[in-house]
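The values are calculated or read from the model by the stated rules, or taken from the named source; none is laboratory data. Values in this document were obtained by computation on a predicted structure and should not be read as measured data. Cβ placement follows ideal geometry from the backbone for every residue including glycine, while neighbour counts extend to all protein chains displayed. Heavy atoms of the whole protein, side chains included, go into the accessibility calculation; ligands, DNA and RNA do not. Shrake-Rupley method; radii C 1.70, N 1.55, O 1.52, S 1.80 Å.
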Amino acid sequence: MSEDASFVEPGAAPETGPTARARLNQPESGSSSVQKPPRYTMTGTATFYDYGSTAMRLPRGTIVIICGRGGCVERVVNDYGPIKPSRIVDLYRADFFDICGCAWWSGTTTVTVSVY
């Protein structure tokens, strides 16, 4: 460094211009969920099936939300069934008892199937 070099001192803040960060007035977000409406719904009887979710009236790959007394599950139909026309869907055993809200010896429950 040479003897005639000087440090540059910072200047005073400008008299005009922003002095703080801009604030936006945005509404608070709600605590609800948004879901598109189903194409249609079916209500009927369901039972359990150890090989996945089946629905006689729906093709494989259809996304469904199945709701019962104990809750809801979202699944993809992976097989054609059930064999008995009185039932609208067969569920994987664990899913059945999650949405059934019933005892382990129960065989059927009433469900609502929303088709997407």
Taking T108 as the residue in question, decide whether it is farther than 26 Å from K36 by Cα and either of a type outside the set (A, V, I, L, M, F, W, C) or touching a strand residue (DSSP E or B) at 6+ places or on another chain (Cβ under 8 Å) (or both). yes
Looking at segment 92-116, which of the residues that are among the aliphatic types (A, V, I, L, M) and surrounded by fewer than 16 Cβ atoms within 10 Å (Cβ to Cβ) is modelled with the lowest pLDDT? A103
Do you know which of the residues in segment 62-91 that are open to solvent by 50 Å² or more (accessible area, probe 1.4 Å) and within 11 Å of Y116 (Cα to Cα) is nearest to the chain's Cα centre (by Cα)? E74
From the residues in segment 26-61 that are open to solvent by 40 Å² or more (accessible area, probe 1.4 Å) and in a strand (DSSP E or B), which one is modelled with the lowest pLDDT? F48
